[in-house]
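Enquirer: My questions will all concern the structure given below.
The values are calculated or read from the model by the stated rules, or taken from the named source; none is laboratory data. Fair warning: this is a prediction, and the values are worked out from it, not measured in the lab. Here the Cβ positions follow ideal geometry from the backbone for every residue, glycine too, while neighbour counts run over all protein chains shown.
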Amino acid sequence: MSNMKMLKFLSFSLLFMSYGIFAQEPQTTEYQDWVGICADVQGQERCEIQQVLNMENEQGNTRLLRATVSKLDNQLIMQLLLPLGLDVRPGVVMQVDEGVEFGAPFLTCVQEGCLVAVPLDDNRLTAFRSGSVVKVGFRPFNTDQTLVVELSLMGFTRASQTVK
């Protein structure tokens, strides 16, 4: 899959999730720590799942990471939206439970944050469905220290089966 195709897909997905390009209110379903969101998009039902991690600061809650799983050409893709102000050169590193670490590059940064896309091939999807947590590591700009956040995989198996 080309980076340009992935970037167009992510841009559309961001609009879908952030601004609601749909004829009616989306339907949401909770799957433990994941939320399924289905809506009619241009006459076709589209369903994605997501999990949002927030952190508390002086201004209240701030989104730290939003993970969304969508489908593109019959392939599940996990999109990560991380905050601005990161060192994008090393990308992110991910690990399911105590499995093998893998990296993913940042594709771009937009007003909402910086985007990463991770295709969930059969091996990765199996690991996600049988795991309990995905660790995501990234670095704030101008530091060598990697921050690690954890996405829960509770409910991921059932939720991922609803993506279309």
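Enquirer: Looking at region 7-80, what strands (runs of 3 or more DSSP E) fall wholly within it and have at least 1 residues that are at pLDDT 95 or above and loosely packed, with under 14 Cβ neighbours inside 10 Å?
Expert: Details: elements: 27-31, 34-41, 44-57, 60-72.
By residue number, 27-31.
Enquirer: Another question about this same structure. Is it true that Gln95 is surrounded by 11 or more Cβ atoms within 10 Å (Cβ to Cβ) and in contact (Cβ under 8 Å) with a residue 60 or more places away in the chain?
Expert: Values: surrounded by 11 or more Cβ atoms within 10 Å (Cβ to Cβ): yes; in contact (Cβ under 8 Å) with a residue 60 or more places away in the chain: no.
Taking the combined requirement at face value, the residue does not satisfy it.
Enquirer: Scan Val136, Val163, Val118 and give me the residue that is part of a loop (DSSP other than H, G, I, E, B), among the aliphatic types (A, V, I, L, M) and crowded, with 16+ Cβ neighbours inside 10 Å.
Expert: Details: Val136 fails: part of a loop (DSSP other than H, G, I, E, B); Val118 fails: part of a loop (DSSP other than H, G, I, E, B).
Sole residue among the options that is part of a loop (DSSP other than H, G, I, E, B), among the aliphatic types (A, V, I, L, M) and crowded, with 16+ Cβ neighbours inside 10 Å: Val163.
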